[in-house]
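The values are calculated or read from the model by the stated rules, or taken from the named source; none is laboratory data. Just so we're clear, the structure is a prediction, and the values are computed from it rather than from any experiment. Note that each Cβ is placed from the backbone with ideal geometry, even for glycine, and that neighbours are counted across all protein chains shown.
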Amino acid sequence: MEPDTLGALAEPTRLRIVELLRGGQLTVGEIANELHIRQPQASKHLKVLSEAKIVDVYPVANRRIYRLRAQPFQEMNEWLGTFRKFWEDQFGQLDAYLSYIQKENNEEE
């Protein structure tokens, strides 16, 4: 996973833009309207997302259309998968410990 991905998504407005684009491609103006921000602000955030390779942009006439790229999210999912394994192991150990305690309590009764 690229380090820029998490940095770009850490900013709340950019995260909201990504959530909007999850529903499909949008223009800068549509994004600005949805988020109630000015178009230059939206463009600034979209530039960061584009540089982090989270979104693709392509021109259609005089408009710029933005859409999410799948690759950074696939990489993030794989990276997070390593932590899922860690937590599954931790929960497995906790489950074994709780079963052990329960068994001891039942034997004492």
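Out of the residues in the range 50-77 meeting the condition of being surrounded by 13 or more Cβ atoms within 10 Å (Cβ to Cβ) and hydrophobic (A, V, I, L, M, F, W, C), tell me which one is farthest from the chain's Cα centre (by Cα).
I65
Output the number of residues of the range 53-73 satisfying the condition of being in a loop (DSSP other than H, G, I, E, B), closer than 18 Å to G23 by Cβ and not β-branched (V, I, T). Show your work before the answer.
Initial filter on the range 53-73 (in a loop (DSSP other than H, G, I, E, B)): 53-54, 61-62, 69-70.
Now restrict to residues that are closer than 18 Å to G23 by Cβ: 54, 69-70.
When the remaining residues are screened for being not β-branched (V, I, T), the result is 69-70.
Here the count works out to 2.
Out of all the residues in the range 59-109, which are free of Cβ contacts under 8 Å to residues at least 12 places away in the same chain and either on the phi > 0 side of the Ramachandran plot or in contact with a strand residue (DSSP E or B) (Cβ under 8 Å, 6 or more places away or on another chain) (or both)?
Result: P59, A61.
State the number of residues belonging to the range 2-49 that are over 20 Å from A70 (Cβ atoms), surrounded by fewer than 13 Cβ atoms within 10 Å (Cβ to Cβ) and within 17 Å of the chain's Cα centre (by Cα).
Qualifying residue count, the range 2-49: 2.
What pairs can you find where one residue is in the range 1-20 and at pLDDT below 90, the other is basic (K, R), and their Cβ atoms are less than 9 Å apart, with a gap of 6+ or different chains?
So the pair list comes out as E2/K53; D4/K53.
Looking only at the range 15-40, which residues are assigned to a strand (DSSP E or B) and not β-branched (V, I, T)?
L26
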